[in-house]
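*Asks:* One structure follows; several queries about it will come next.
The values are calculated or read from the model by the stated rules, or taken from the named source; none is laboratory data. All figures in this text were calculated on a predicted structure; none of them were measured in a lab. Here the Cβ positions follow ideal geometry from the backbone for every residue, glycine too, while neighbour counts run over all protein chains shown.
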Amino acid sequence: MNLILASTSPRRIELLRKFHIDFDVIPSNITEPEPLQDEDPISFAKKVSFLKASEVSSRIKRGIILGVDTIVEIDNIVLGKPKDRESAEYMLKLLSGKIHRVISGFTIIRYSTKVVKDAVITTVKFRRLTEEEIQTYLDKETYLDNAGAYAIQEEGSKLIEYIKGCYYNVMGLPIWRIMEAIKFLKVEEDR
């Protein structure tokens with residue numbers, strides 16, 4: 001397939017390997033932007049995924065480039081990766097006892113010309129967290145490099161009451177929707 005992941009995300013790499021998908025990693029060199037005031041969260045995630053994929057595509061001009069951006073959105077507030085423990089604590093307190101959306105925008109570029117942009121949304125409800133639970137979670141530092149300050153596949157699973165939608169999306173890679181989009185590109189190309 002000659003898939004190129006425009007990311008060094010350990011979770012994305014882990015998922016692609018788990019499903020025995022051959023790929024190379026060529027990370028994008030973009031500086032991820034902050035969302036504009038009142039920018040639609042879905043549009044923002046798709047925009048950032050496009051920036052990642054197109055930057056790599058402009059350098060290598062071959063294969064199937066996959067750019068992905070995952071954000072957490074609550075009450076139209078976009079939560080990216082926390083900058084430090086204090087911002088992670090703010091995020092966890094904001095999410096405590098509430099429903100939020102995990103949005104993964106993805107862009108697939110094939111041969112620098114064919115482009116698919118889409119987004120997958122999963123609804124997640126956090127349990128109501130005590131101060132002690134939040135501090136214990138933060139002490140483990142599993143919030144690092146995770147949108148919304150948690151990782152569902154790690155200690156963060158203890159924070160969650162339920163999810164509706166794609167579990168892998170919450171990990172940062174809606175694998176099945178992406179594979180369907182790649183198949184679609186190939187079918188279109190074969191016509």
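*Asks:* Answer with yes or no whether ALA88 is within 14 Å of the chain's Cα centre (by Cα) and crowded, with 17+ Cβ neighbours inside 10 Å.
*Replies:* no
*Asks:* Among the candidates ILE134, ILE163, ILE178, ILE109, single out the residue that is surrounded by 14 or more Cβ atoms within 10 Å (Cβ to Cβ), closer than 30 Å to SER57 by Cβ, touching a helix residue (DSSP H, G or I) at 6+ places or on another chain (Cβ under 7 Å) and of a type outside the set (Ser, Thr, Tyr).
*Replies:* ILE109
*Asks:* A further question on this structure: Would you list the strands (runs of 3 or more DSSP E) that sit entirely within the stretch 20-86 and hold 3 or more residues that are among the hydrophobic types (A, V, I, L, M, F, W, C) and either touching a His at 6+ places or on another chain (Cβ under 7 Å) or in contact (Cβ under 8 Å) with a residue 24 or more places away in the chain (or both)?
*Replies:* 64-74
*Asks:* Just to check your reading of the model, which residue among LYS164, LYS125 is in contact with a Phe, Trp or Tyr (Cβ under 6 Å, 6 or more places away or on another chain) and at pLDDT 95 or above?
*Replies:* Exactly one residue qualifies, and that residue is LYS125.
*Asks:* Residues of the stretch 127-184 being closer than 18 Å to PRO41 by Cβ and of a type outside the set (A, V, I, L, M), which ones?
*Replies:* ASN146, GLY148, TYR150, LYS164, GLY165, CYS166, ASN169, GLY172, PRO174, ARG177 - these are the residues of the stretch 127-184 that are closer than 18 Å to PRO41 by Cβ and of a type outside the set (A, V, I, L, M).
*Asks:* Which condition does TYR143 not pass, out of (1) crowded, with 19+ Cβ neighbours inside 10 Å; (2) at pLDDT below 95; (3) of a type outside the set (A, V, I, L, M, F, W, C); (4) touching an Asp or Glu at 6+ places or on another chain (Cβ under 7 Å), if it passes all the others?
*Replies:* (4)
*Asks:* So, in the stretch 103-114, how many residues would count as being out of contact with any Leu (no Cβ under 9 Å at 6 or more places or on another chain) and in a strand (DSSP E or B)?
*Replies:* Total meeting the criteria: 2.
*Asks:* Out of LYS125, LYS158, LYS98, LYS140, which single residue is closer than 24 Å to GLU39 by Cα and over 18 Å from the mean Cα position of the chain (by Cα)?
*Replies:* That would be LYS98, the only listed residue that is closer than 24 Å to GLU39 by Cα and over 18 Å from the mean Cα position of the chain (by Cα).
*Asks:* Quick test for you: out of ILE13, ILE74, pick the one residue that is out of contact with any helix residue (DSSP H, G or I) (no Cβ under 8 Å at 6 or more places or on another chain) and within 24 Å of ILE152 (Cα to Cα).
*Replies:* Result: ILE13 is the single residue among ILE13, ILE74 that is out of contact with any helix residue (DSSP H, G or I) (no Cβ under 8 Å at 6 or more places or on another chain) and within 24 Å of ILE152 (Cα to Cα).
*Asks:* Would you mention how many residues in the stretch 64-85 are touching a strand residue (DSSP E or B) at 6+ places or on another chain (Cβ under 7 Å), at pLDDT 95 or above and surrounded by fewer than 22 Cβ atoms within 10 Å (Cβ to Cβ)?
*Replies:* Going through the stretch 64-85 one residue at a time, the tally reaches 2.
*Asks:* Got a sec? Which helices (runs of 4 or more DSSP H) wholly within the stretch 115-191 have at least 2 residues that are out of contact with any strand residue (DSSP E or B) (no Cβ under 9 Å at 6 or more places or on another chain) and aliphatic (A, V, I, L, M)?
*Replies:* 131-139, 175-190
*Asks:* I've got another one for you. Residues of the stretch 39-63 being at positive phi and basic (Lys, Arg), which ones?
*Replies:* Across the stretch 39-63, the qualifying residue is only LYS61.
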